[in-house]
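These notes concern the structure reproduced below.
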Amino acid sequence: MRHGAALTLVFAGVLVAGAATGTLPAADRKPAADPSRRAAPAGRHAEVARAAAEAMEDGKSPVEAAERAVSRSGDRWGAVYSRGEYEELAQALDGRYTGVGLSARRERDGRIEVTGVRPGSPAADAGIREGDRLRSVDGEKVDGRPVTEVVALLRGDAADAPAGSTVRLGLERGTRAWTETVHRAELTTQPVTARALASGATVVKVSSFTRGSGDAVRTAVRQAPRGTGIVLDLRGNSGGLVAEAVTAASAFLDGGLVATYDVDGEQRALHAEPGGDTARPLVALVDGGTMSAAELLTGALQDRGRAVVVGSRTFGKGSVQMPSTLPDGSVAELTVGHYRTPAGRGVDGAGITPDLELDASAPAALRRAETVLGDWAASAAPAGGQPAAPR
């Protein structure tokens with residue numbers, strides 16, 4: 001899935017099993033796309049680089065050779081990106097992407113249904129609605145194809161489909177079938193939203209950890225009415241920048257450990273900034289689509305007794321990837337280590353088990369989380385401290 005991983009998850013807002021980001025903090029992440037700061041690859045990175053170099057000497061595709069080397073390594077989360085694809089990934093993590101403003105999913109019968117239209121986007125301007133059926137993209141039929149491929153078609157190649165380029169969409173609504181030509185545009189994501197519930201509590205929804213999302217969480221917490229609780233909705237959060245998840249944790253913790261991780265055997269730690277709101281009741285709502293950096297945040301809040309975790313077991317992606325630049329300018333991201341929660345729990349392959357398990361996809365899930373929040377708020381707080389998180 002060279003096109004897959006973080007790109008589709010951030011762009012389309014749809015969960016694809018086996019694809020998520022686990023991006024290192026800035027201090028540990030080498031800017032692979034900058035040759036002047038390229039570090040000599042080691043271990044499996046060296047093997048992949050060697051395969052790419054040999055392919056170039058033989059006049060073959062270095063990217064394909066690198067992909068084969070990654071596949072042979074058994075690295076589930078390893079990926080190879082062309083230079084353009086890696087630039088797209090960097091843009092996505094900055095909260096920017098070029099597209100038409102559609103999100104979609106594949107139904108059981110293979111049909112591709114539009115699940116969301118971004119207000120003010122080219123798709124919205126063209127009159128496309130949620131629930132419309134997408135039949136083709138630039139003449140290519142999309143029924144039965146993975147959503148990742150459909151999104152790649154909608155976006156086009158970065159070099160050949162910049163903002164302003166056109167894409168022809170075959171659409172269907174009821175008995176009406178038509179073709180719409182729309183212009184791609186540079187769009188920005190809104191990964192953090194907040195809204196008030198009837199009870200007075202605030203729901204802070206975090207869809208991904210793109211750049212600036214951690215501060216957005218802290219702002220939402222500061223702006224929530226005093227004395228009220230918060231439901232931190234991390235359902236479907238595919239991860240993103242780990243540093244942003246740590247910043248989000250700082251909204252609820254007064255410093256201290258968020259997670260530990262290793263890079264080629266060297267142990268390191270991530271800490272929250274002091275001064276977070278430690279008194280406000282907090283419930284974290286998660287599901288099987290809560291992945292990577294979102295699991296790191298969930299584990300920290302759970303282990304430190306700061307939140308009641310409600311929902312279903314999270315995905316279980318707790319590995320660390322680091323990029324290196326290949327001879328042709330493409331980039332290989334390979335697993336170099338794993339994260340652990342403050343209590344030392346490994347997330348990879350195990351996920352986070354909620355304190356209260358329920359069907360997080362059910363419409364009543366948010367109401368149940370709100371009930372748990374109310375029970376916590378109603379409990380007596382210890383003298384000089386916060387209410388004990390119910391277990």
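The values are calculated or read from the model by the stated rules, or taken from the named source; none is laboratory data. All values derive from a computational prediction rather than experimental measurement. So basically every Cβ, Gly included, is an ideal-geometry build from the backbone, and we count neighbours across all protein chains shown. All accessible areas refer to the heavy atoms of the entire protein, side chains included, with ligands and DNA or RNA removed. Shrake-Rupley method; radii C 1.70, N 1.55, O 1.52, S 1.80 Å.
Figure legend: label point modelled 7 angstrom from the Cα of A124 along Cα→Cβ; no residues of region 61-92 have amide N under 12 Å from it. Kirkwood hydrodynamic radius of region 191-280, from the reciprocal of the average inverse Cα-Cα distance over all distinct pairs: 13.7 Å. Using DSSP to define loop residues, name the GluC sites (Glu not before Pro) in region 55-148 whose beta-carbon has at most 13 other beta-carbon atoms within 10 Å. Filter output for region 55-148: E107, E130.
Accessible surface of region 290-362, 1.4 Å probe: 45 percent of it comes from carbon and sulfur atoms.
Here's how it looks for V320: its modeled amide H is under 5 Å from those of V336, G337, H338, Y339, which are all 5 or more places away or on a different chain. Derived scalar couplings between HN and Hα for region 189-199 equal 8, 10, x, 10, 10, 9, 8, 8, 9, 4, 6 Hz in order, rounded to whole Hz, by the Karplus curve 6.51 cos²θ - 1.76 cosθ + 1.60 (θ = phi - 60°), x for Gly and Pro. The amide H of F252, built 1.01 Å from its N in the peptide plane, has D277 as neighbours under 5 Å, considering only residues 5 or more places off or on other chains.
With contacts taken as Cα pairs under 8 Å at a separation of at least 6 residues, region 134-293 carries a relative contact order of 17 percent.
Would you please name the trypsin sites (Lys or Arg not before Pro) within region 164-264 that are DSSP coil residues with at most 14 other C-beta atoms within 10 Å of their C-beta? Mind showing how you got there, number by number?
On the way: sites: R168, R173, R176, R184, R195, K205, R211, R218, R222, R226, R235; in loops: R184, R211, R226, R235.
Passing both the DSSP loop test and the Cβ count: R226.
Region 342-374 and region 195-269 have their alpha-carbon centroids 15 Å apart. Solvent-accessible area assigned to carbon and sulfur over region 117-198 amounts to 46 percent, based on a 1.4 Å probe. Karplus-derived 3J(HN,Hα) values for region 327-339, using 6.51 cos²θ - 1.76 cosθ + 1.60 with θ = phi - 60°, are x, 8, x, 6, 10, 10, 10, 10, 6, 10, x, 9, 8 Hz; glycine and proline are entered as x.
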